[in-house]
Amino acid sequence: MRLSKALLIVMTIVVGLGVCSAHAEEDWRIKYPEIHFSTSTGENEADRIARYTPFQKYLEQTLGVPVKFYVASDYAGAIEGMKARKVQFVSLGSAGYSAAYAVTKGECEPLVTQIDAYNSTGYHSVVCVKSDSPYKTLDDLKGKSIAFADPNSTSGFLIPTYYLRKLGYSPDDTSFFGKTGFSGSHEMGVLAVKKGTYDACCTWYTNKERNNPKRMAGKGMIQWNEDDPSKSDVRIIWKSPLIPNGPWTCRKELPKSLKEDFIKAMIALPKADPVAFQKLGDGELSGFKRVPHERYLDIIEMRSQNLKKRKS
């Protein structure tokens, strides 16, 4: 009789553990019956829909829950959405992640970053001027105007201002530049230079095959020929050291199983849904890889220094 009771207790525990395990696997879908993700993009509505709709459907099929996509007008909006727990996942640049980490008091973490078609996980910030302007170097911009993309943009603000200070071209006052401002997005900054609203702008550049001016040219927004400025609306006069690609970021308190499912979905995307992958990366990516928080420590420190400089 005692043996039977012992066996019954063991069997009850084993079955109970099995039930708990099954519930654990389903827990994230019970707590999160709908997933929300966000990003900031300067694209027009048609381009945005074409880029993200196939990816959104892929996530729904892969994760097994409805997925909603929220477009923020700027990086701060996307970050605030995460802070307010209105979205679980956000695609950010490196500076955006460092801002999110500060705003959420460390309650966010990076999951994956993109690998471009050239197997690189980094890119550059560049300063562009109008092709027919007389400006050849940063020295020539003394007293001139420069447009930054967004306060939370990595290549559009954080990196260029950090290195401009190091090189002696202070963007914090009028000791060098006659005027500084924010265009609102990378595309708007380039267009402002083309129209003559600003003398220079900062934007992103990976290589000759993948950069913002080339992407804009593909949309018919500008003329771009890096090798022949006479056939281009803008040209580059400065390029930064390599910047780590930004991460897809999530709220830290999300269930580990949800984070893992999202990571696996992103890594599997190129083969699982080539069409969605091609549209999401505009044909310029080769895949995604896991990325740790430590990869962005230098960027977090740069942002901290930037804030101190601006306050002073």
Inset, instruction - Six or more apart or on different chains, Cβ under 7 Å: which pairs go from a residue in region 219-233 that's closer than 22 Å to Gly283 by Cα and in the same structural domain as Gly196 (by TED's automatic domain parsing) to one that's surrounded by 15 or more Cβ atoms within 10 Å (Cβ to Cβ) and among the β-branched types (Val, Ile, Thr)? Could you list them? - result: Ile222/Val190; Ile222/Val234
Legend entry - All positions within region 48-87 that are among the acidic types (Asp, Glu) and either out of contact with any Ser or Thr (no Cβ under 8 Å at 6 or more places or on another chain) or modelled with pLDDT of 95 or more (or both): Glu60, Glu80
Inset, instruction - Please work out if Thr180 is over 22 Å from the mean Cα position of the chain (by Cα) and under 22 Å from Arg165 (Cα atoms). - result: yes
Inset, instruction - Starting from region 291-312, take each residue that is under 12 Å from Asp172 (Cβ atoms) and outside the structural domain of Thr161 (by TED's automatic domain parsing) and list its partners that are surrounded by 12 or more Cβ atoms within 10 Å (Cβ to Cβ) and aliphatic (A, V, I, L, M), counting only C-beta distances under 8 angstrom and pairs at least six apart or across chains. - result: Asn306/Leu158
Inset, instruction - Only residues in region 173-189 that are under 17 Å from Ala76 (Cα atoms) count as the first member; pair them with residues that are aromatic (Phe, Trp, Tyr), Cβ under 8 angstrom, at least 6 apart or cross-chain, and list the lot. - result: Gly181/Phe148; Gly181/Tyr198; Phe182/Phe148; Phe182/Phe157; Ser183/Phe148; Ser183/Tyr198; His186/Trp204
Inset, instruction - Would you be able to say whether some residue in region 39-58 is closer than 20 Å to Trp204 by Cα and among the β-branched types (Val, Ile, Thr)? - result: yes
Legend entry - Filter pass, Val126 being outside the structural domain of Arg295 (by TED's automatic domain parsing), at pLDDT 95 or above, out of contact with any Gly (no Cβ under 9 Å at 6 or more places or on another chain) and hydrophobic (A, V, I, L, M, F, W, C): yes
Inset, instruction - Being assigned by TED's automatic domain parsing to the domain that holds Phe89, crowded, with 18+ Cβ neighbours inside 10 Å, modelled with pLDDT under 95 and of a type in the set (Gly, Ala, Ser) narrows it down to one of Gly287, Gly281, so name that one. - result: Gly281
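The values are calculated or read from the model by the stated rules, or taken from the named source; none is laboratory data. Keep in mind that this is a model prediction, so the values were computed, not measured. Cβ: placed from backbone, ideal geometry, glycine included. Neighbour counts: every protein chain shown.
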